[in-house]
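Trainee: Okay, handing you the structure first.
Coordinate-derived values only; no laboratory data. If you're wondering where the values come from, they're calculated on a predicted model, not measured in any experiment. Cβ coordinates were reconstructed from backbone atoms using ideal geometry, including for glycine residues, and neighbour counts include every protein chain displayed.
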Amino acid sequence: MSKEIIYSCRYDSEFTSAGRWRRLILPKKVRCEYRAECDEIIRQVKEESEYIPIPERLGKVNGLISTAKEIATIFEINMDIVQLEDGIDFDFYYDSGLFLGECKEFFGKMFLTCDNVTVYTPKKKKRDLPRGCEGIISMTYYTHRHLVAGKEINLS
């Protein structure tokens, strides 16, 4: 799946946009037993993926992006907005867990609007992060249905 950062902002930045991704290595026994099945699934995802736009969701995404940019600017929140093949990821890097007023209302709206929300504390040694980052709120908003070999993949 290709990813493209469509917006990024840093306020005290030592961040490098090139993330460090580790390859998933399965135990040898599992690799041997399921290699053919896994290869077929991977082939289908690569060659038979189809993305069908969801018009009402596409209509909302620009408003979400604009609001996220505005909130990040007002409250100086480090963030990335990443275009996926089937949606948008909003990654907010925060230095405390305190959200007040308009910022609280924005995150509440985003929690209810987005399809997936992950809140976690990253391992600082494993990733390039903005200075002072204590946690990440990652939200995904799907704008396309994803079909593989004619079957819908529902990630929400």
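Trainee: How do 37-48, 73-84 rank on mean C-beta neighbours within 10 Å, highest first?
Mentor: Sorting 37-48, 73-84 by mean packing, highest first, produces 73-84, 37-48.
Trainee: Another question, then. Using modelled backbone amide H atoms (1.01 Å from N, in-plane), which distant-in-sequence or interchain residues come within less than 5 Å of ARG145's amide H?
Mentor: It is ILE52, ILE54, by chain and number.
Trainee: Starting from the Cα of ILE153, step 7 Å along the direction of its Cβ; do the same at GLU48; then give the gap between the two resulting points in nm.
Mentor: 1.3
Trainee: Sticking with this one: Applying 1/(1 + (r/R0)^6) with R0 = 35 Å to the Cβ-Cβ distance of LEU98 and LYS3, what FRET efficiency is obtained, to the nearest 0.05?
Mentor: 0.70
Trainee: Collect residues whose amide H, placed 1.01 Å from N in the peptide plane, falls under 5 Å from the amide H of ASN116; neighbours closer than 5 in sequence don't count.
Mentor: Those lying under 5 Å, H to H, from ASN116 are THR140.
Trainee: If you don't mind, there's one more thing I want to ask. Assuming 0.36 nm per residue, please report the length gained on full extension of the stretch GLU134 to VAL61 beyond their Cα-Cα distance.
Mentor: 23.5 nm
Trainee: On to the next question. So what J values fall out for the range 54-68 if you push phi through Karplus, 6.51 cos²θ - 1.76 cosθ + 1.60 with θ = phi - 60°, rounded to Hz, Gly and Pro as x?
Mentor: After applying 6.51 cos²θ - 1.76 cosθ + 1.60, I find 10, x, 5, 7, 4, x, 8, 5, 5, x, 5, 4, 4, 5, 4 Hz.
Trainee: So how much slack lies between THR73 and GLU85, counting 0.36 nm per residue of separation and subtracting their Cα-Cα distance, in nm?
Mentor: 1.7 nm is the gain from fully extending THR73 to GLU85.
Trainee: Shape call for the range 94-143 from the C-alpha gyration tensor, a ≥ b ≥ c root eigenvalues: rounded (a/c under 1.5), prolate (a/b greater than b/c) or oblate?
Mentor: Verdict is oblate for the range 94-143.
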